[in-house]
Amino acid sequence: MRVLFVASELFPYVKTGGLGDVMAALPRAMRVLGADVRLLLPAYPAVCDAVTLQGEVTALPDLMGGGPARILRAEAPGLPLYLLDQPAYFERPGGPYDQPEDLAHRFAALAWAGAYLGRSGDVAGWRPEVLHGHDWHTGLMPAYVAYGSGPRPATVMTIHNIAFQGRFSSALLNDLWLPSQALTPEGVEFHGDIGFLKAGLRLADRISTVSPTYAREIQVAGGHGLEGLLAHRSGDLHGILNGVDRTVWNPARDPHILSRYDLRHPGRRAPNRPDFQRRMGLQEDAEAPLFAAISRLDPLKGLDLVLDNVDHLVRQGGQLAVLGTGDPHAEGAFRQAAQRHPGRVAVFIGYDEILAHRAFAAADVILVPSRQEPCGLTQLYAQAYGALPLVRRTGGLADTVVGATPATLAADTATGFQFDWANGLALGEAINDALALFRDPATWRQVQRRGMATEFGWEGPARAYLELYATIPPKGD
């Protein structure tokens, strides 16, 4: 099967969150299963500098008002690429979503390029049977297929985070190369605006999201205004869990950590702890339970609940390391907490991939108190590295962490801790549960081993996506 993924990120070249990790792993896993999967993304300088360029597919004098554009063929290790080369939109300093004044035009151009490849293919005659868009940045792609002419590939839209939807003024309809008949509730219109994600969810043949629980949640609550549409299309909506790329996230061969280890040699994990404590400016305390949070500082991630518990955690003898960036108020509050508790609380504002690996290899508990979490990769990485995830029971967190209770401990199925209500008190009670279990080293090691033994590879999700594609009736060209 020939499949074209279209996305705005690809690890290790461009990454702001889990989307980049998924794009690096899922297409390659599907290729191992025999599918001819390729990826279209913007020709960011960081990408062009790292991959092998192989020639031009097509050139346009102008695309979405951004001037000359080309679609290029390229190759990353194990993954054929197409790159949308449009300097006015994609050769800029900063992140992929900075300079929001032309976000609509920028990602409409990416979606249009995906639809072009879906209809026309490349110069070598390769044309996808399935166009698979990821998040709002590609949401107009099913619209360009639906309202365009020529061959009609199957279309799939994946929601990685429904909180980000891409809503723009309806006055941009002509600028975005959409016909007037598209501006209806059956097309791209959403409360008087053009809704990129809404368009994809309405017009794609199939919809997926990144966990079964999240697929249910967004139909009744947490759909950010799209609950009704998703409930209407519930028969086409599928929840497929993300996986872990064990070539990147594997403590047995991780080049970023001081001491590598695995299930057979758990004792080798120990040196990573003082190394991380030194790097973060924490006291080298071998007895203190070490909690870490590695997250965007965003209200949906629930880090304000951690702020509510900083003093309590320190009073109970714990340490806290926070790695993240985002809301300025949260950044300032965590800095104040570190000043209030020197050596017990440490904060790194920003994102550092290497430091994140070291945190997973050192921490006893990884905090993931999200108000809403489509799938989450943090808790999967935590389990792989022997850090017990403490999560709120929502979305993919509910699907991937088994909370420690007397029953799950007796059955040897527990892999972490869970709590229900999104408030500081509920998180505090879960922290108390973690601290109590920490004082029982034998049981703690049992839960740690179970988490490390749990397999969240990409082969299962890759098969599930191929099965999803097979449910789409063939279209005539």
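When region 304-315 is filtered for residues that are of a type outside the set (D, E, K, R) and crowded, with 16+ Cβ neighbours inside 10 Å, the ones remaining, listed by number, are Leu305, Val306, Leu307, Asn309, Val310, Leu313, Val314.
Confirm whether Arg260 is touching a helix residue (DSSP H, G or I) at 6+ places or on another chain (Cβ under 9 Å), at pLDDT below 95 and not in a strand (DSSP E or B).
On the way: touching a helix residue (DSSP H, G or I) at 6+ places or on another chain (Cβ under 9 Å): yes; at pLDDT below 95: no; not in a strand (DSSP E or B): yes.
No.
Kindly evaluate Trp136 against the criterion of being aromatic (Phe, Trp, Tyr), crowded, with 18+ Cβ neighbours inside 10 Å and farther than 19 Å from Tyr82 by Cβ. Taking the combined requirement at face value, the residue satisfies it. When Leu320 is tested against (1) in contact (Cβ under 8 Å) with a residue 60 or more places away in the chain; (2) over 17 Å from the mean Cα position of the chain (by Cα), only condition (1) is not met.
Determine, yes or no, whether Ile194 is within 19 Å of the chain's Cα centre (by Cα), crowded, with 16+ Cβ neighbours inside 10 Å and at pLDDT 95 or above. Considered against the rule, which asks whether it is within 19 Å of the chain's Cα centre (by Cα), crowded, with 16+ Cβ neighbours inside 10 Å and at pLDDT 95 or above, Ile194 comes out as no. The set of residues in region 176-218 being of a type in the set (Ser, Thr, Tyr) and in contact with a Gly (Cβ under 6 Å, 6 or more places away or on another chain) consists of Thr209, Ser211, Thr213, Tyr214.
Is it true that Ala292 is part of a loop (DSSP other than H, G, I, E, B) and in contact with a strand residue (DSSP E or B) (Cβ under 7 Å, 6 or more places away or on another chain)? Criteria not met by Ala292. For beta carbons closer than 6 Å, sequence separation of 6+ or different chains, a first residue in region 235-253 that is within 30 Å of Ala470 (Cα to Cα) and a second that is β-branched (Val, Ile, Thr) and outside any strand (DSSP E or B), the qualifying pairs are Asn242/Val22; Asn242/Val210. Within region 402-415, is even one residue buried (at least 22 other Cβ atoms within 10 Å of the Cβ), under 23 Å from Phe164 (Cα atoms) and of a type in the set (S, T, N, Q)? Within region 402-415 (the criterion being buried (at least 22 other Cβ atoms within 10 Å of the Cβ), under 23 Å from Phe164 (Cα atoms) and of a type in the set (S, T, N, Q)), the answer is no, since none of the residues qualifies. Against the list (1) under 23 Å from Ala470 (Cα atoms); (2) assigned to a loop (DSSP other than H, G, I, E, B), the condition Arg216 fails is (2).
In this entry, Val210 passes the filter for residues that are at pLDDT 95 or above, crowded, with 23+ Cβ neighbours inside 10 Å and within 21 Å of Arg28 (Cα to Cα). Among the residues of region 380-414, count how many are at positive phi and either part of a strand (DSSP E or B) or out of contact with any Cys (no Cβ under 8 Å at 6 or more places or on another chain) (or both). Here the count works out to 2.
Considering region 78-106 alone, what residues qualify as being among the small types (Gly, Ala, Ser) and free of Cβ contacts under 8 Å to residues at least 40 places away in the same chain?
Taking region 78-106 and keeping what is among the small types (Gly, Ala, Ser), we get 78, 88, 94-95, 104.
Of everything in region 78-106, those that are among the small types (Gly, Ala, Ser) and free of Cβ contacts under 8 Å to residues at least 40 places away in the same chain turn out to be Ala88, Gly94.
Only residues that are touching a residue at least 40 places away in the same chain (Cβ under 8 Å) and closer than 17 Å to Phe348 by Cα: list them for region 287-300, please. Listed by number, the residues that qualify are Leu290, Phe291, Ala292, Ala293, Ile294, Ser295, Arg296.
Determine, yes or no, whether Arg38 is of a type in the set (Lys, Arg) and within 22 Å of Val210 (Cα to Cα). Yes; evaluated as a whole, the condition is true for this residue.
Of all the residues in region 263-281, those that are closer than 14 Å to Gln448 by Cβ and assigned to a loop (DSSP other than H, G, I, E, B) number 4.
Elements of the type helices (runs of 4 or more DSSP H) sitting completely within region 415-477 and holding at least 1 residues that are over 24 Å from the mean Cα position of the chain (by Cα) and closer than 14 Å to Asp364 by Cα: these cover 424-438, 441-453.
The values are calculated or read from the model by the stated rules, or taken from the named source; none is laboratory data. Given the structure is predicted, the values throughout are model-derived calculations rather than measurements. Heads up, the Cβs are rebuilt from the backbone with ideal geometry, glycines too, and the neighbour counts pull from every protein chain shown.
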